[in-house]
Amino acid sequence: MSRIRILDPRVADRIAAGEVVERPASVVKELIENSLDAGARAITVEIEASGSGLIRVSDDGMGMDPDDAVLALRRFATSKIGAAEDLERIATYGFRGEALPSIAAVSRLTLTTRPPGAEAGTRVESEGGASLRASAAGTAPGTVVAVESLFLNTPARRKFLKSPAREFALIVETVQRLALAAPAVSFRVRHAQRETAAYAAADPQERLAQILGRDLAGAMAPLRGEARGVTVTGWTVRPERARPGRPAEYLYVNRRPIQSRLLSRAVHQGYAELLPVGLAPVVVLMLDVDAAEVDVNIHPRKQEVRFSDEHRIFGVVQRAVREALLAPGSIRHVPELPTAALPDALVAAVAEQTPPYAAAGSVAPSLAPAAAQGTGRLPTLRPLGQILRTYLLAEAPDGLVLIDQHAAHERILYERLLGDAARGGTSQTLTAPVPVDLSAEERGVLDEFLPASERLGFALQPFGGSTLLVRAIPAALRAQPPDRLLHRALAALLEPRNGNDALARLAIATACHTAVRAGDALTFEEMTALLSDLAATEDPFTCFHGRPTMVWVSRPTLERWFLRR
Ligand code: ADP
Ligand code: MG
């Protein structure tokens, strides 16, 4: 006798339910997606007991006639695709025909529906997926799906639920994620008879404010990018408003909310060096990809997708984020001083009687003459002086700017080093080779970085034992005792890697130890050179450690301080 048999459909539904219906929020997600697919303009979500008591989703969409209403609860019953080829280009949220039967299998479900033109509606009731009862019913046009006693027959699932507060938070998050991608649809959420969220139909920018709050939404830079077959739109938070903790990512492909390590990584790379350590971005990323270029059928809850060309997607996202953060001529993403921070600094400077520019005998490595071409990212800055031998003071068209001389110089050197390397490297040959003794550990690190060091313009030659001859150093680095430079750079490279490639890491280590330091007095000419060099960088606003190179006080802030308005 055969041991293998085809499972009873009810058992199959229960198994499918295990995948599709993880928790109350999964039900909310599937029901809202159905409402959106049905062309709803208004969706109401009513919840009792964090979804364990009741989940009711009502819409004003196209409804179903009596036959369809019964079919909808059958497995693999869908109106959204017909042939296998349709799976290649899915334009709706649903396509698996699994959600309603799966939910019905683990709850008491009532579906009430009426197409807008129809005389009467239909009600279909099911309990644990068994015995559908259909009857005529009076109801408004649209569809109402009520799910009661979720997981009534799967106590194991119930046990895995988190606290009621957490489950309800997940429901709200689910609504928000879908609402962000459908701004023209209005959403309401009621919990225990109280309205907890209401998003009126709006334009995308306004919907962003409804969901993230006006304050945070105002701190987001709009992003836009395009490559063959891919368009990226959305918003990403300006670095100074990034938050500690995990990134808040709202990722969409063709309006479908997804999770994607690829996209997360691309966003992260877009922020490279712009984000202070320990802070995470907030980003809303909408990808529009030709439906044939993306496979949405790889995850039972449709939460993940696969792209046919990951490389292109990664590139376009990373660039879009970067460009949004570095919009030309804008200083708005530079952190503005919290009130009261500046007066302290000024008071200290005055008390110390620091001259506005340095006296003779400057210890700073000489800075290049002001020949650099600006990239237009930085507004014109007029240097005013140096305070505390650490910060430069400058006038911007709309306020006062304080620049951290070390961070700014780091940024300049770093970009120069990498720029020179990209152009094939330029070195300055030392008049006489300088021997440097290295420890075994330093030697080990150096071996790893030898190819990168050549590309940057170092000429390092093993000279027997632990000694190395330095014949040339990168042209971007001015007069530097090469042994100290090398020891310091190698020490920095011994620290745990931070994800950059060898060339970037060596450039960072080198730039960090060559840049002018806090405490170095600068002449007025050096300040002028530093500012014009900074204006020539691609990212003038942060050093590569993610620290800001500058903060500013806007004219309105100054006016507030002095009670001018
Ligand atoms: P899928 O969405 O994958 O097609 P579902 O089980 O979620 O599968 O739904 C089955 C079918 O029921 C849908 O294809 C659709 O025709 C119909 N349906 C479900 N919800 C609604 C709704 N709110 N309004 C109109 N039709 C609906
Ligand atoms: Mg569906």
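The values are calculated or read from the model by the stated rules, or taken from the named source; none is laboratory data. Note that this is a predicted model, so its numbers are computed, not measured. When we count neighbours, we look across all protein chains shown, and the Cβ atoms used for this are built from the backbone with ideal geometry, even at glycine. These area figures cover heavy atoms from the full protein model, side chains too; ligands, DNA and RNA do not enter into them. Shrake-Rupley method; radii C 1.70, N 1.55, O 1.52, S 1.80 Å.
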Determine whether region 54-67 contains at least one residue that is within 14 Å of ligand 2 (Cβ to nearest atom) and either open to solvent by 30 Å² or more (accessible area, probe 1.4 Å) or not assigned by TED's automatic domain parsing to the domain that holds F160 (or both). yes
Looking only at region 494-511, decide whether some residue is closer than 16 Å to E415 by Cβ and open to solvent by 60 Å² or more (accessible area, probe 1.4 Å). yes
From the option list L486, L503, L469, L493, single residue qualifying as under 13 Å from P435 (Cβ atoms), assigned to a helix (DSSP H, G or I) and either modelled with pLDDT of 80 or more or hydroxyl-bearing (S, T, Y) (or both) is L486
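Conditions (1) under 15 Å from the mean Cα position of the chain (by Cα); (2) among the acidic types (D, E); (3) assigned to a strand (DSSP E or B), marked per residue:
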{"site": "E167", "(1), (2), (3)": "no, yes, no"}
{"site": "I171", "(1), (2), (3)": "no, no, no"}
{"site": "L178", "(1), (2), (3)": "no, no, no"}
{"site": "T196", "(1), (2), (3)": "no, no, yes"}
{"site": "L216", "(1), (2), (3)": "yes, no, no"}
Scanning for something open to solvent by 50 Å² or more (accessible area, probe 1.4 Å), of a type outside the set (S, T, N, Q) and at pLDDT below 90, does region 135-144 turn up at least one residue? no
Meets criteria (more than 15 Å from ligand 2 (Cβ to nearest atom) and closer than 21 Å to A130 by Cβ) for V21: no
Residue pairs meeting the criteria (Cβ under 6 Å; at least 6 apart or on separate chains; first open to solvent by 30 Å² or more (accessible area, probe 1.4 Å), in region 412-435; second small (G, A, S) and assigned to a strand (DSSP E or B)): S427/A472; T429/A472
Residues within region 540-564 that are assigned to a loop (DSSP other than H, G, I, E, B) and surrounded by fewer than 20 Cβ atoms within 10 Å (Cβ to Cβ), tallied: 6
From the residues in region 189-219 that are aliphatic (A, V, I, L, M) and touching a residue at least 24 places away in the same chain (Cβ under 8 Å), which one is farthest from V28 (Cα to Cα)? L216
Is it the case, given these coordinates, that G39 is open to solvent by 40 Å² or more (accessible area, probe 1.4 Å), within 16 Å of ligand 2 (Cβ to nearest atom), farther than 22 Å from F160 by Cα and of a type outside the set (A, V, I, L, M, F, W, C)? yes
Here the residues within region 88-141 that are under 16 Å from A17 (Cβ atoms), without any contact (Cβ under 8 Å) to a residue 24 or more places away in the chain and away from ligand 1 (no atom under 12 Å from the Cβ) are E127
Total residues in region 69-81, condition open to solvent by 40 Å² or more (accessible area, probe 1.4 Å) and more than 6 Å from ligand 1 (Cβ to nearest atom): 6
